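Trainee: Structure provided below as structure tokens; questions to follow.
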Amino acid sequence: MARYWWQCTACGDRPAWLAVCQSRSIAAFIWDELAPSGWDQRLLRRTCKCKRPSLRITYRSQRGDPDRTSIRHIVGLSPDGDYLPMLWETFRHSSPRRRWIDFKYQRGRSPWGLTKRVVLEKAQLGRLLRAYERVTRLAIDARAATRTGPGVTSGRALRSIRHSQLTLSKTGPKTGS
Ligand SMILES: [Zn+2]
């Protein structure tokens with residue numbers, strides 16, 4: 001299970017987890033705070049004591065990886081029972097402009113699925129992508145963005161498309177992390 005912490009990407013400060021949110025773990029935070037808020041993305045970008053809004057949930061995407069990854073967005077589908085599929089947009093501190101998309105799930109407050117392969121119904125994938133675009137106002141499908149015309153698509157959305165990378169959670173056997 002990866003460890004998660006809050007860290008300021010501007011000054012590097014690393015306050016105690018519970019000094020930033022009220023839930024004891026990332027899975028509890030997602031279940032009890034982020035999902036009930038309607039995926040309010042401001043909850044993922046807190047103001048640091050350095051006054052910059054750069055405090056984000058941070059982790060190492062692989063064990064032993066010296067590079068840190070921070071979460072820019074998390075959008076999920078309203079839980080179906082206790083099953084909560086999600087799309088995470090992250091960036092690596094070594095290359096902050098490149099955006100990564102990661103599909104994950106959790107069951108209730110269990111973080112088990114966060115490191116597991118996620119299998120989505122095709123309809124769920126479509127709903128996740130639409131939820132992401134609605135909540136973040138960023139486009140994922142470059143062709144769809146083009147169809148809406150240049151007057152509608154913001155430069156920010158286009159940049160986001162160009163820098164997007166797609167990744168799926170590790171599918172290999174568990175390596176003991
Ligand atoms: Zn700071």
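Trainee: Please verify whether TRP17 is closer than 30 Å to ASP82 by Cα, within 15 Å of the ligand (Cβ to nearest atom) and among the aromatic types (Phe, Trp, Tyr), treating the condition exactly as stated.
Mentor: Working: closer than 30 Å to ASP82 by Cα: yes; within 15 Å of the ligand (Cβ to nearest atom): no; among the aromatic types (Phe, Trp, Tyr): yes.
When the stated conditions are applied, TRP17 does not pass them.
This table checks each residue for (1) touching a strand residue (DSSP E or B) at 6+ places or on another chain (Cβ under 7 Å); (2) touching a residue at least 40 places away in the same chain (Cβ under 8 Å); (3) more than 16 Å from LEU84 (Cβ to Cβ); (4) not in a loop (DSSP other than H, G, I, E, B).
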residue	(1), (2), (3), (4)
GLN7	yes, yes, yes, yes
GLY12	no, no, yes, no
SER23	no, no, no, no
ILE30	yes, yes, no, yes
GLU33	no, no, no, yes
SER37	no, no, no, no
ARG42	no, no, yes, yes
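Trainee: Filter the range 39-58 down to residues that are away from the ligand (no atom under 16 Å from the Cβ) and farther than 17 Å from GLN106 by Cα and give me whichever is surrounded by the fewest Cβ atoms within 10 Å (Cβ to Cβ).
Mentor: If we filter the range 39-58 for residues that are away from the ligand (no atom under 16 Å from the Cβ), which is where we start, we get 39-43.
Then keep just the ones that are farther than 17 Å from GLN106 by Cα; that gives 40-43.
Numbers: ASP40: 12, GLN41: 18, ARG42: 9, LEU43: 16.
Of everything passing the filter in the range 39-58, ARG42 is surrounded by the fewest Cβ atoms within 10 Å (Cβ to Cβ).
Where a number appears in this text, it was derived from the coordinates with a stated rule and is not lab data. Treat the numbers as computed from the prediction; the structure is a model and nothing was measured. Neighbour counts are summed over all protein chains in view; Cβ atoms, including those assigned to glycine, are modelled from backbone coordinates with ideal geometry.
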